[in-house]
């Protein structure tokens with residue numbers, strides 16, 4: 001018995017010592033404490049936002065109510081060369097919510113069991129387009145120019161090399177060349193890669209200070225890199241002197257008549273929003289943002305033009321080609337001619353189809369490596385968007 005107790009004590013002391021070492025390491029690299037970091041890495045996509053600090057985005061005092069209709073979805077859709085039932089499509093793609101809005105009316109609305117129209121769900125890289133909308137407003141106000149360099153606002157980050165030539169334009173179009181690739185990890189062994197560090201970090205300034213190496217000269221190549229959008233977030237906070245969440249609330253969320261609060265994950269409370277991802281809201285309110293773009297930047301409340309004509313033109317015309325051969329411009333995808341799309345990891349979509357005055361929202365819980373699901377899902381949503389009854 002004494003021997004067993006001694007072994008237990010030794011093991012306990014060893015585990016405590018190991019945790020203390022891990023705790024020290026996570027403090028040095030500005031990660032959440034070990035247990036929190038492990039939970040974050042293992043949680044399903046729709047649960048991780050609640051495990052990270054955030055800033056709240058306040059809804060409109062007088063929300064704009066939705067009008068609802070009744071549209072039947074197609075009995076079958078084409079999925080990877082085969083016709084499958086529409087409900088199987090929702091299941092295969094781990095859907096949490098699916099909305100169709102035609103001419104400003106919600107004609108179809110579906111939620112997975114346990115999820116409602118008031119459930120806040122993550123959008124991941126859909127946040128990139130939210131960030132672009134704010135940048136567009138600041139450009140329209142003359143507070144920034146696309147030709148401005150990042151180091152104009154943050155001279156303390158200057159390196160003396162091509163990093164100093166990174167412009168707002170190159171950040172918007174994924175052409176900056178900052179050396180943090182989006183090779184998402186699939187397990188604990190990948191938690192140390194740059195994109196995982198940026199997602200988990202408790203200090204984005206520390207992250208930026210240690211990730212300024214360049215992969216190419218700005219403007220010479222195009223590659224989807226989330227660090228570009230995060231650098232735009234730095235600029236928004238610096239120029240406005242506000243929390244990004246507060247600026248977004250006052251200048252986008254409330255003016256579009258958002259019904260529910262949203263929240264934006266941050267490195268730490270009072271710090272900086274993770275603008276490359278981490279925006280969380282209800283499906284209905286995501287649809288309002290899609291409708292804002294569909295309506296050429298005019299709020300459905302009719303109070304003012306939130307996106308000016310020049311920025312709408314910037315969003316609407318692809319300037320480069322990225323993943324899947326899709327067009328891209330100013331943080332917005334163009335998967336098909338005449339179609340705009342906000343896209344996020346784990347299966348988050350806001351599809352905007354001007355030709356049929358349609359907005360579609362799909363929020364999901366797909367695994368990180370879901371193969372060709374993005375292409376297949378975009379094709380299904382595009383087909384539904386075009387087939388207006």
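The values are calculated or read from the model by the stated rules, or taken from the named source; none is laboratory data. Small disclaimer: the values here were computed from a predicted structure and weren't measured. Virtual Cβ from ideal backbone geometry, glycine too; neighbours counted across all protein chains shown.
The condition of being assigned to a helix (DSSP H, G or I) and closer than 17 Å to residue 388 by Cβ holds for only one of 290, 338, that being 290.
Return the residues of the stretch 289-305 that are under 16 Å from residue 59 (Cα atoms) and touching a strand residue (DSSP E or B) at 6+ places or on another chain (Cβ under 9 Å); say none if nothing qualifies. Within the stretch 289-305, 289, 292, 299 qualify.
Applying the set (1) surrounded by fewer than 19 Cβ atoms within 10 Å (Cβ to Cβ); (2) within 16 Å of the chain's Cα centre (by Cα) to residue 324 leaves exactly one unmet item: (2).
Within the stretch 312-321, the set of residues being within 15 Å of residue 294 (Cα to Cα) and either surrounded by fewer than 20 Cβ atoms within 10 Å (Cβ to Cβ) or without any contact (Cβ under 8 Å) to a residue 60 or more places away in the chain (or both) comprises 312, 313, 316, 317.
Listed conditions (1) in contact with a helix residue (DSSP H, G or I) (Cβ under 8 Å, 6 or more places away or on another chain); (2) outside any loop (DSSP other than H, G, I, E, B) are all met by residue 59, apart from (2).
Each residue in the stretch 306-328 was checked for being within 21 Å of residue 226 (Cβ to Cβ), out of contact with any strand residue (DSSP E or B) (no Cβ under 7 Å at 6 or more places or on another chain) and outside any helix (DSSP H, G or I), and 0 pass.
Within the stretch 68-95, can you find the residues that are at positive phi and exposed (fewer than 14 other Cβ atoms within 10 Å of the Cβ)?
80, 81, listed by residue number.
Among the residues of the stretch 362-369, is there at least one that is touching a residue at least 12 places away in the same chain (Cβ under 8 Å), assigned to a helix (DSSP H, G or I), in the same structural domain as residue 124 (by TED's automatic domain parsing) and surrounded by fewer than 21 Cβ atoms within 10 Å (Cβ to Cβ)? No, the stretch 362-369 contains no residue that is touching a residue at least 12 places away in the same chain (Cβ under 8 Å), assigned to a helix (DSSP H, G or I), in the same structural domain as residue 124 (by TED's automatic domain parsing) and surrounded by fewer than 21 Cβ atoms within 10 Å (Cβ to Cβ). Applying the condition of being assigned to a loop (DSSP other than H, G, I, E, B) and touching a strand residue (DSSP E or B) at 6+ places or on another chain (Cβ under 8 Å) to the stretch 230-274 and asking which residue is surrounded by the fewest Cβ atoms within 10 Å (Cβ to Cβ) yields 269. Restricting attention to the stretch 203-226, the residues that are touching a strand residue (DSSP E or B) at 6+ places or on another chain (Cβ under 9 Å) and either on the phi > 0 side of the Ramachandran plot or part of a loop (DSSP other than H, G, I, E, B) (or both) total 9. Do we have any residue at all in the stretch 371-389 that's in contact with a helix residue (DSSP H, G or I) (Cβ under 6 Å, 6 or more places away or on another chain), modelled with pLDDT under 95 and part of a loop (DSSP other than H, G, I, E, B)? Yes, some residue in the stretch 371-389 is in contact with a helix residue (DSSP H, G or I) (Cβ under 6 Å, 6 or more places away or on another chain), modelled with pLDDT under 95 and part of a loop (DSSP other than H, G, I, E, B).
The single condition among (1) modelled with pLDDT under 95; (2) crowded, with 23+ Cβ neighbours inside 10 Å that residue 303 does not satisfy is (2).
Taking the criterion of being in a loop (DSSP other than H, G, I, E, B), out of contact with any strand residue (DSSP E or B) (no Cβ under 9 Å at 6 or more places or on another chain) and under 17 Å from residue 279 (Cα atoms), the only residue of the stretch 102-134 that qualifies is 118. Taking the stretch 327-352 as the range and being buried (at least 23 other Cβ atoms within 10 Å of the Cβ), free of Cβ contacts under 8 Å to residues at least 60 places away in the same chain and on the phi > 0 side of the Ramachandran plot as the test, no residue passes. Might you check whether a residue that is at pLDDT 95 or above, more than 23 Å from the chain's Cα centre (by Cα) and under 18 Å from residue 350 (Cβ atoms) occurs anywhere in the stretch 112-134? No. The residues of the stretch 288-304 that are without any contact (Cβ under 8 Å) to a residue 24 or more places away in the chain and touching a helix residue (DSSP H, G or I) at 6+ places or on another chain (Cβ under 9 Å), listed by number, are 296, 297, 298. Just a yes or no: is a residue in the stretch 64-78 closer than 30 Å to residue 267 by Cα, at pLDDT 60 or above, assigned by TED's automatic domain parsing to the domain that holds residue 207 and assigned to a loop (DSSP other than H, G, I, E, B)? Scanning the stretch 64-78, I find no residue that is closer than 30 Å to residue 267 by Cα, at pLDDT 60 or above, assigned by TED's automatic domain parsing to the domain that holds residue 207 and assigned to a loop (DSSP other than H, G, I, E, B), so the answer is no.
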